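Worksheet for the structure shown next.
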Amino acid sequence: MPEALSALNQSVLTPTTDTTTEARILVIDDEAGIRESLEVLLTLEGYRVEVAIDGVEGMRLLEQRTYELVLLDLALPGQTGLELLPQIHERYPELPVVMITAYGTVDNVVEAVRAGAENFVQKPWDNEKLLADIRSAIARHKAEAENVQLKRALKQRYNFHNIIGKSEIMLRIFDLVSQVAPSRSTVLIQGESGTGKELIAKALHASSTRRDKPFVPVNTGSLPSDLLESNLFGHVKGAFTSAIATKKGLFEYANGGTLFLDEIGNMGMDTQAKILRVLQDRRFTPLGGNQEMQVDVRIVAATNVDLHQAVREGKFRDDLFYRLNVISIDLPPLRSRREDIPLLANRFLEHFSKENDLEPRKLTSDAMRALVDYDWPGNVRELENIIERGVVLSSTPVVGSGLLPGHITGRSFQDALLEHNPSASLFDILEDIERRIIIEKLERCNGNQTDAAEQFHIPLSTLNQKIKRLNIEIRKRSRD
């Protein structure tokens, strides 16, 4: 204790008026004099102090309440401080721990730091230095915790059910989706191809009371009217030549949940009339049947067609339009929210790096500028494909503008290659060109190697050999 009291008497201590030091500190030390001197020192500084004589008592106190810092003696009886330190960090990884010992050696310092110690203080300590170290450790970890919370909040704010955006218009859409989702109202989502209309529909479903029920998407513009009606309403056995069994329709499958009607602007007039009736009465009759079925289905529709114009041209029923357009969500094209492009690009970089088991990729500043300046006629889907292409083609963690297509950067393909790797051999350049050409052809053929081989006028076996040699991964495009 004399050693500790001499440390305490190094300066005249007065209670602090700084309200920021109301943190709780746990002292774990087997020497009563050390515990007493630290308790007096820290209490006068404004901290709330609790003490423990060994690791068992220390862990019990840690389980009971929250602390901002632990002062841990290295030479504890039974379990040493170095043995206790990893346990503390495993259970409380954000809690800073400062080691204190009278037997400090270089090996002890290195071992403590490796085990996760915030700092290392040797007895007898200097009061001002110890207090400064404690203030610094608490402030640093508080800032880190606040930064984690901020990042989490920003991620939640700018990542709404996998929809990325921080632009004012997207934040307003997030708020609108949150407000509309709990209702039963029909929603019409309008926007260009590739803007993420199905993601908005999924967000509406996920934020609603129907989230535990089915979300059933159907592309109404890709099927002939008779086949679409069979899919939507089902049919009974014998309803038509190939109806060899009774089949449930998507309305029935979606009962209690959400039915997403994509590309509704391309739906035939006869089917439009039947959809209108379901919206009005919540009833439908399967094809070939004579018994009505009642369903509780929320309709979310989407289109990239100007339905106002379609109504004027007689291609879309005005009564169905008004039934669908109870709540309208207009998704902006990507060129109208350029501040979201870096967020989206970085998210796609992270995703495709992980998907391809690659070291995380980053865009160079000139590549990011090119992406922000481009008008993106294909919107978010086009950006996603471009980033995937850059990740797959990159041989280093950096994705430069040389890995972007020439129509985005405004440079020729050959210039981009040479700029990307000016010291590359002719063989490497030719192989890189061949690889990119095959990837682009496969993208246009939606991953169909047979079609790509026919367009290249080469045997399929030759193309497959090149795909294997150049380590090209086959992918199919996903729809909006």
On the full set of protein chains, 1.4 Å probe, figure out the accessible area of V51 and give it in Å² to the nearest 10. 50 Å²
Please report, as a whole percent, how much of the solvent-accessible surface of the stretch 226-281 comes from carbon and sulfur atoms (probe radius 1.4 Å). 51 percent
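So how do S395, S178 rank on accessible area, 1.4 Å probe, biggest first, that is with the largest at the start? Can you show the working numbers first?
Numbers: S395 95, S178 60 Å².
These residues rank, largest area first, as S395, S178.
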Quick one: pull the percent of accessible area on the stretch 31-105 belonging to carbon and sulfur, 1.4 Å probe, ligands and nucleic acids left out. 52 percent
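So with the 1.4 Å probe, I'd like the accessible area per residue for the stretch 216-330, rounded to whole Å².
Details: 5480 Å² over 115 residues.
Per-residue value: 48 Å².
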Per-residue SASA entry for E339, accessible area with 1.4 Å probe, Å² rounded to 10: 90 Å²
Return one number: the angle in degrees, 0 to 90 and rounded to the nearest 10, between the long axis of the Cα atoms of helix 55-64 and the longest principal axis of the Cα atoms of the chain. 50 degrees
Farthest toward the dipole's positive end in the stretch 307-373, which of L349, P333, A310, given Cβ charges of +1 (Lys, Arg) and -1 (Asp, Glu) about the Cα centre? A310
How much accessible area does H141 have with a 1.4 Å probe, in Å² rounded to the nearest 10? 40 Å²
Between 0 and 90°, nearest 10: helix 197-206 axis offset from the chain longest Cα axis: 60 degrees
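Rounded, prolate or oblate: which one fits the stretch 319-465, using the alpha carbon gyration tensor with axes a ≥ b ≥ c (rounded when a/c is under 1.5, else prolate when a/b beats b/c, else oblate)?
oblate
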Using R₀ = 22 Å, calculate the FRET efficiency as 1/(1 + (r/R₀)^6) where r is the Cβ-Cβ separation of L171 and H351; round to 0.05. 0.50
When the accessible area of the stretch 295-452 is computed with all protein chains present and a 1.4 Å probe, what percentage of it is carbon and sulfur? 50 percent
Taking the Cα atoms only, what angle lies between the long axis of helix 426-444 and the longest principal axis of the chain, rounded to 10 degrees? 60 degrees
Looking at S185, G268, A23, which one has the Cα that reaches farthest to the positive end of the dipole of the chain (charges on Cβ: Lys, Arg +1; Asp, Glu -1)? G268
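The values are calculated or read from the model by the stated rules, or taken from the named source; none is laboratory data. None of the values given here were measured: they were computed from a predicted structure. All Cβ positions, even for glycine, are placed from backbone atoms using ideal geometry, and neighbour counts span all protein chains on display. Surface areas here come from the heavy atoms of the whole protein model, side chains and all, with no ligands, DNA or RNA. Shrake-Rupley method; radii C 1.70, N 1.55, O 1.52, S 1.80 Å.
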